[in-house]
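The values are calculated or read from the model by the stated rules, or taken from the named source; none is laboratory data. Bear in mind the structure is a predicted one, so any value in this text is a computation, not a measurement. Neighbour counts run over all protein chains shown; Cβ positions are idealised from the backbone, glycine included. Surface areas here come from the heavy atoms of the whole protein model, side chains and all, with no ligands, DNA or RNA. Shrake-Rupley method; radii C 1.70, N 1.55, O 1.52, S 1.80 Å.
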Amino acid sequence: MNQTNSSVDESREQLKSAVRELCREYPDKYWRELDEKRAYPEAFVQALTHAGYMATLIPEEYGGAGLGVTEASVILEEIHHSGGNAAACHAQMYIMGTLLRHGSEAHKRQYLPKIADGSLRLQAFGVSEPNTGTDTTQLKTMAVRTGDRYVINGQKIWISRAEHSDLMLLLARTTPADQVKKRTEGLSTILVDLRQAVGHGLRIRPIRTMMNHATTELFFDNLEVPAENLVGEEGQGFRYLLDSLNAERILIASECIGDARWFLERTCRYANERVVFGRPIGKNQGVQFPIARGYANLEAARLMVARAATLFDSGKACGPEANMAKLLAADVSWELANVAVQTYGGFGFAEEYDIERKFRETRLYQVAPISTNLILSYLAEHVLGLPRSY
Ligand SMILES: Cc1cc2nc3c(=O)[nH]c(=O)nc-3n(C[C@H](O)[C@H](O)[C@H](O)COP(=O)(O)OP(=O)(O)OC[C@H]3O[C@@H](n4cnc5c(N)ncnc54)[C@H](O)[C@@H]3O)c2cc1C
């Protein structure tokens, strides 16, 4: 290994220990109590922001750390490995990318430094709708240009963190679906200032879910937004969305890897300590084999996440790798979650052991931000050349 590689590895190790150190201040009890109340981890998000971790991907000229997806992955993985959950804030890392790649210089100067220093939060990404599901090209929420404003009407669902964010990047239709040449056209990305919008054409309804995830439903009723809040070109929003997906897949995969490591460590510890029939339960092959298999799958998934991140950071195409990283990492976190519950027996169901909480949390990644089926159809069609199935 040359000097440059070893110093890069060293700084990633330092980053990992610094994140671990920060997370130590937010132990199981912190997350358990929030889970019970379905409350937002405000103190944790503040600490993460003040330490500069939320600005990892923002270039230095706009006040960020100017690092890559590899470093962002280290941070998110370590949060989850420590037993925490970055879902309260991870989206800022990849939503910001749309602004960075497609926003005007004025937008970047106006927003990025404030996002970097924590005075503005861009945590919400408004894509999903109740009636269109995964078929994003059929979104119905309309933004009609009227003079120097867009007037927005429609409904969104599962828009996470909207109550805890200052800004939301909204994907809305600016040309009716029957007037576009290609079904991927006619959608636009628009920045909505939630501080001004709520109560003036936007209503937010929280949705209580099986895990603590500040997700909501949004109702737009003639919400007016300045036309200058359009990000990039009108009608090209779907393309911008696709642009951000690889980063999102890799970052979520890293969280799954963190969860999987957490489950693995807790499970090994418990299997060594718990004595039944006069010996540790981990002595039974029926108990140890699923753990060992989960470990092997974890290491394989980790390699895929690292490969996808390296390709992404060197500016190379990484669609298949990013999708496989998300698929394999979500599968292994779910596999090890099940192994943990099985190994803990009855105690796997007790809140005070945190296994059931993490089990509920990691189940999400089979469905969101993209469901496993849709990744498989991407691989089948775009990588393997099989016919399009939908
Ligand atoms: C907690 C949570 C947080 C979320 N946060 C956000 C957010 O911040 N912003 C946002 O925009 N969205 C968010 N989402 C939405 C999320 O991205 C979607 O739920 C997810 O993409 C699945 O879409 P859907 O729920 O509409 O399922 P549907 O599209 O209705 O699909 C239902 C099931 O059918 C399967 N299916 C559908 N079509 C096909 C097909 N052609 N082939 C095979 N299988 C198919 C799917 O795989 C899925 O299992 C969140 C969701 C949850 C649950």
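The fraction of accessible area contributed by carbon and sulfur in the chain is 52 percent, rounded to a whole number (1.4 Å probe; ligands and nucleic acids excluded). Here the simple spin-label model places points 7 Å from the Cα toward Cβ, and for Val367 and Glu61 these points are separated by 4.3 nm. Accessible area per residue for the range 120-167 is 41 Å², calculated with a 1.4 Å probe on protein heavy atoms, without ligands, DNA or RNA. The residues of the range 247-345 expose on average 44 square angstrom of accessible surface per residue, using a 1.4 Å probe on protein heavy atoms. Please grab the % of Cα pairs in the chain that end up more than 25 Å from each other. When all Cα pairs of the chain are counted, 57 percent exceed 25 Å.
For Asn323, the shell of other residues with beta-carbons less than 14 Å away shows a net charge of -1, using +1 for Lys and Arg and -1 for Asp and Glu.
Ordering Ser128, Ser188, Ala306 by Cα displacement along the dipole of the chain toward the positive end leaves Ser128 in first place; charges were set at the Cβ atoms of Lys, Arg (+1) and Asp, Glu (-1).
A Cβ-based charge dipole, computed about the Cα centre of the chain with Lys and Arg at +1 and Asp and Glu at -1, lands at about 760 debye. Using a 7 Å offset from the Cα along the Cα-to-Cβ direction at both Asn153 and Gln179, what is the distance between the two label points in nm, to one decimal? Here the answer is 1.4 nm between the modelled labels.
For Val19, what is the net charge nearby, where nearby means another residue's Cβ is under 12 Å from its Cβ and Lys, Arg count +1, Asp, Glu -1?
Details: positive: Arg12, Lys16, Arg20, Arg24; negative: Glu13, Glu21, Glu25, Glu71, Glu77, Glu78.
Charge balance in the 12 Å sphere: -2.
Annotation note: trypsin sites (Lys or Arg not before Pro) in the range 1-107 located in DSSP loop regions with a Cβ neighbour count of at most 12 within 10 Å are absent. Charging the Cβ of each Asp and Glu at -1 and of each Lys and Arg at +1, and nothing else, the dipole of the range 129-270 about its Cα centre rounds to 400 debye. Taking 0.36 nm per residue of sequence separation and removing the Cα-Cα distance, the Tyr30/Thr4 pair yields an extension gain of 5.5 nm.
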